[in-house]
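Undergrad: Quick one: the structure is below, and I'll ask about it shortly.
Taken together, the values in this text are just the output of simple stated rules run on the coordinates, not laboratory data. Only a predicted model underlies this, so the values are computations on that prediction, with no experimental measurement involved. Note that we place each Cβ from the backbone using ideal geometry, even for glycine, and neighbour counts take in every protein chain shown.
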Amino acid sequence: MRTEGQQSMSWLFFSPSGRVSRLPYFLGWLFWAAISGLVLTRVFAHQGNDIAQALWTLIVVVTALVSTASIALMTIKRLHDIGYPGHLAICLFIPVLSPVLFLALCLWPGTEGSNDYGR
């Protein structure tokens, strides 16, 4: 049984509601970077085998779509934690702003106590 303060992994990765602090946000990004790296190494490992490489390329595409959606949802929760609306997560898709936003969200502390988006 979960207590009030605990959240599930599916909430962290696939829900836009609530707030998430800096460490889970950074670890979520790190998780998706590791998964993407693992899948890409499999593509390069099967360069001589067309069927295996095609399969792993398909897995890369699926992983990219799932990780992009998950990172956007985590970013919405992180923006909520610092008191900003979630629609600012669209800045992740602007190449010049994306690394700046990522660093800011990893370093900027959340608001103390409750805000418009939760506790």
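Undergrad: Specify the angular offset, from 0 to 90 degrees and rounded to the nearest 10, of the alpha carbon long axis of helix 97-107 from the longest principal axis of the alpha carbons in the chain.
TA: Between the helix axis and the principal axis of the chain, the angle is about 60 degrees.
Undergrad: Let me ask something else. Give a residue-ordered list of calculated ³J(HN,Hα) values for segment 12-18 (Karplus: 6.51 cos²θ - 1.76 cosθ + 1.60, θ = phi - 60°; whole Hz; x for Gly, Pro).
TA: 4, 8, 9, 10, x, 8, x
Undergrad: Around LEU73, what is the net charge, scoring Lys/Arg as +1 and Asp/Glu as -1 over all other residues with Cβ under 15 Å from its Cβ?
TA: Result for the local shell: +2.
Undergrad: Also: Tilt of helix 50-81 relative to the longest C-alpha principal axis of the chain, in degrees (0 to 90, nearest 10)?
TA: Roughly 10 degrees between the two axes.
Undergrad: If you take every residue apart from LEU27 with its C-beta less than 14 Å away from the C-beta of LEU27, what net charge results, scoring Lys and Arg +1 and Asp and Glu -1?
TA: +3
Undergrad: While we're here: Return a whole-number percent for the relative contact order of segment 19-107, with Cα pairs under 8 Å and 6 or more residues apart as the contact set.
TA: 35 percent
Undergrad: Given H placed 1.01 Å from N in the peptide plane, which residues other than close sequence neighbours of ILE82 have an amide H under 5 Å from its amide H?
TA: THR111
Undergrad: In the neighborhood of GLY83, defined by Cβ-to-Cβ distances under 15 Å, what is the net charge if each Lys or Arg adds +1 and each Asp or Glu adds -1?
TA: Once positives and negatives cancel, what remains is +2.
Undergrad: Rounded to the nearest 10 degrees, what's the angle between the helix 22-45 long axis and the longest principal axis of the chain, both from Cα atoms, 0 to 90?
TA: Helix 22-45 and the main axis of the chain meet at about 0 degrees.
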